[in-house]
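Engineer: Encoded as structure tokens, here's the structure I'll be asking about.
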Amino acid sequence: MSKYNHFIALSLCLGLIGFFCCSPNNNEASAAGSSTYEDLVKLFEEWRKFQKPAIVDAVPDYTADAMAKQHLELKEYQARLMAIDPSSWPVSQQVDYHIVRAEMNGLDFDHRVLKPWSRNPRFYAVYYTSPSDVPALEGPWRYGTLCLWKYTFPLEGEQYDDFQMHLKAIPEVLEQAKGNLVEDAKDLWFLGIRRKKSESVYLENLAERLGKDHPDLIPDFDRAKAAVDEFREWLETKHKNMTAPSGIGVENYNWYMKNVHLWPYTWEDQLVIMNRELERSIAFLKLEENRNRHLPPLKPPENREEYQKRHDEAVEHFMRFMRENVMTLPDYQNNTLRRTVRFIPPDGLRDFFTQVDYHDPLPLRCHGTHWFDLARMDHEPHPSPIRRVPLLYNIWDSRAEGLATGMEEIAMHAGLMDEKPRVRELVWIMLACRCARGIPDLKMHSNEFTLEEAVDYGVKWTPRGWMPKDGNTIWADEDLYLRQPGYGTSYVVGKVHLEKLIADRAEQLGDKFDLKSFFDEFHTYGMIPLSLIRWEMTGRDDEIKKLW
């Protein structure tokens with residue numbers, strides 16, 4: 001080691017000693033060396049309050065001074081956590097410790113690398129129209145955003161006051177954003193401009209719909225729309241001179257996967273997995289097509305009534321099959337997957353998932369296990385207070401998306417589509433599409449792909465031309481993957497990780513392995529990273545040692 005490196009190492013050690021000695025909560029930190037699980041829960045509760053920015057009248061404080069102060073104070077929470085020794089605790093409690101560690105690392109990464117408040121205009125979305133099918137909104141999102149699904153229209157009482165407060169906050173939020181956004185990230189700013197264009201149209205339409213019952217909200221809508229339009233123009237002016245890539249780089253990507261999402265797979269590992277799964281899905285699609293070449297092709301429905309009938313039949317068949325063969329589904333799950341369908345006529349733009357669903361609704365019901373997860377969280381909250389709430393920073397992505405994607409293939413191999421062999425083709429098409437959308441996640445963050453090149457790649461490698469470039473799916477997905485590193489690969493790499501867990505458990509249990517028992521146990525661990533579920537389920541700690 002060079003003299004310089006010796007000096008740096010010594011300085012860091014002295015700095016840590018000084019931090020623990022001088023911290024205002026040094027007594028708490030010292031005592032934590034012999035602390036209990038209850039102390040971890042208390043720290044978690046304090047941490048969850050701390051990580052939120054200060055919010056006044058739906059306007060959160062993401063200014064440079066506020067963020068610098070938060071990042072500095074974060075070190076105190078991390079020090080208190082590091083002073084806790086969980087090594088003698090049961091594995092389930094050690095898992096909770098690593099969840100808290102990952103969340104704190106997530107905020108640290110936001111401050112050091114992602115910086116959504118200062119480099120990503122898309123962070124300042126002013127509304128969300130519907131909840132996600134996963135535990136929380138995907139990607140970095142701003143506290144104080146108007147979440148429209150939380151309101152019942154027409155508005156009354158406290159709901160009216162809350163809605164108006166969030167609506168009135170929009171101009172101030174965007175004005176603050178102009179001072180916060182100081183970093184060059186060309187594609188992220190383009191996505192911010194794109195979002196503001198759609199927001200302007202939506203706010204105008206929403207004002208027209210709500211104005212009949214709430215004419216007094218029209219001036220607030222007008223001011224909000226004017227602020228959105230003015231902010232878009234400001235973004236466009238700044239964007240003209242931008243040149244910097246928006247990816248975070250491979251080194252940062254690897255740190256994020258290891259320390260926040262608790263994935264045992266590096267950027268390089270994931271690229272190998274994604275390319276292999278793309279090749280496998282296309283090859284298996286061709287084998288299925290050859291096998292089914294004498295069968296009539298799947299035909300989309302001719303009208304909404306026929307589509308609704310197909311959907312209802314698929315739900316009935318799927319629920320019955322799952323209960324008999326794959327997992328226990330309590331009665332509260334009976335209507336989880338039912339919905340009233342919309343129908344796009346043949347001359348309309350049918351995006352990727354519309355194409356899949358119109359050819360047969362069964363494969364996407366498999367991915368609908370997302371909704372089983374959410375219903376389970378509502379009806380069977382996890383006994384751990386740390387797992388009872390959605391994890392921050394999308395740390396649940398490998399579990400949520402890995403299971404939903406994995407279930408498409410698992411259910412197919414278990415026999416779900418035996419009576420509909422051509423439907424098996426759709427499963428391979430969906431897997432190929434997820435690879436075609438996920439590989440650009442990696443390539444954008446290594447700065448090998450621009451956003452446009454990522455979109456083109458997804459369009460090119462999706463079979464049958466079912467991913468139109470002028471559709472919303474490919475743009476919305478690459479938008480998310482650029483803002484949230486690792487989300488694009490979480491579907492397929494999570495699926496592969498789940499398959500590894502099944503193999504591990506089958507090796508442990510031998511002839512006693514049972515698929516339904518496996519998933520019933522799997523669900524008891526909650527919406528946490530698969531590496532932690534594997535540790536708790538099998539007792540194998542090789543992955544967590546690699547991550548810790």
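Engineer: Considering each of Val260, Val272, Val250 in turn, give the residue that is without any contact (Cβ under 8 Å) to a residue 60 or more places away in the chain and among the β-branched types (Val, Ile, Thr).
Structural biologist: Just a single option satisfies the conditions, and that option is Val272.
Engineer: Which residues, counting only those in segment 76-117, are of a type in the set (Lys, Arg) and either touching a strand residue (DSSP E or B) at 6+ places or on another chain (Cβ under 6 Å) or closer than 18 Å to Tyr393 by Cβ (or both)? Can you show your working first?
Structural biologist: Keep residues of segment 76-117 that are of a type in the set (Lys, Arg), which gives 80, 101, 112, 115.
Across segment 76-117, the qualifying residues are Arg101, Arg112, Lys115.
Engineer: Right, something else. Pick from segment 111-145 the residues that are aromatic (Phe, Trp, Tyr) and either under 17 Å from the mean Cα position of the chain (by Cα) or buried (at least 19 other Cβ atoms within 10 Å of the Cβ) (or both): which of them is farthest from Asn252 (Cα to Cα)?
Structural biologist: Among them, the one singled out is Tyr128.
Engineer: Is segment 123-142 home to any residue that is in contact with a Phe, Trp or Tyr (Cβ under 8 Å, 6 or more places away or on another chain) and among the basic types (Lys, Arg)?
Structural biologist: Scanning segment 123-142, I find at least one residue that is in contact with a Phe, Trp or Tyr (Cβ under 8 Å, 6 or more places away or on another chain) and among the basic types (Lys, Arg), so the answer is yes.
Engineer: Within segment 187-206, can you find the residues that are small (Gly, Ala, Ser) and crowded, with 20+ Cβ neighbours inside 10 Å? Don't jump to the end; show me each part of the working.
Structural biologist: Step one: list which residues in segment 187-206 are small (Gly, Ala, Ser), which gives 192, 198, 200.
Scanning segment 187-206 gives a single hit, Gly192.
Engineer: Could you please find all residues in segment 255-266 being more than 19 Å from Arg112 (Cα to Cα) and either in contact with a Leu (Cβ under 7 Å, 6 or more places away or on another chain) or buried (at least 18 other Cβ atoms within 10 Å of the Cβ) (or both)?
Structural biologist: Passing the criteria: Trp263, Pro264, Tyr265.
Engineer: Could you tell me how many of the residues in segment 205-221 are farther than 13 Å from Phe163 by Cα and over 29 Å from the mean Cα position of the chain (by Cα)?
Structural biologist: Counting residues in segment 205-221 that are farther than 13 Å from Phe163 by Cα and over 29 Å from the mean Cα position of the chain (by Cα) gives 7.
Engineer: Suppose we filter Ala244, Ala283, Ala226 for residues that are within 23 Å of Leu181 (Cβ to Cβ), more than 19 Å from the chain's Cα centre (by Cα), outside the structural domain of Gly192 (by TED's automatic domain parsing) and hydrophobic (A, V, I, L, M, F, W, C); which single one remains?
Structural biologist: Numbers: Ala283 fails: within 23 Å of Leu181 (Cβ to Cβ); Ala226 fails: outside the structural domain of Gly192 (by TED's automatic domain parsing).
After ruling out the rest, the residue left standing is Ala244.
Engineer: Among helices (runs of 4 or more DSSP H) lying entirely in segment 461-548, which contain 1 or more residues that are aromatic (Phe, Trp, Tyr), in contact (Cβ under 8 Å) with a residue 24 or more places away in the chain and crowded, with 18+ Cβ neighbours inside 10 Å?
Structural biologist: 472-483, 487-509, 515-522, 530-538
The values are calculated or read from the model by the stated rules, or taken from the named source; none is laboratory data. In this text, all values refer to a predicted model and were calculated from it rather than measured experimentally. Cβ coordinates were reconstructed from backbone atoms using ideal geometry, including for glycine residues, and neighbour counts include every protein chain displayed.
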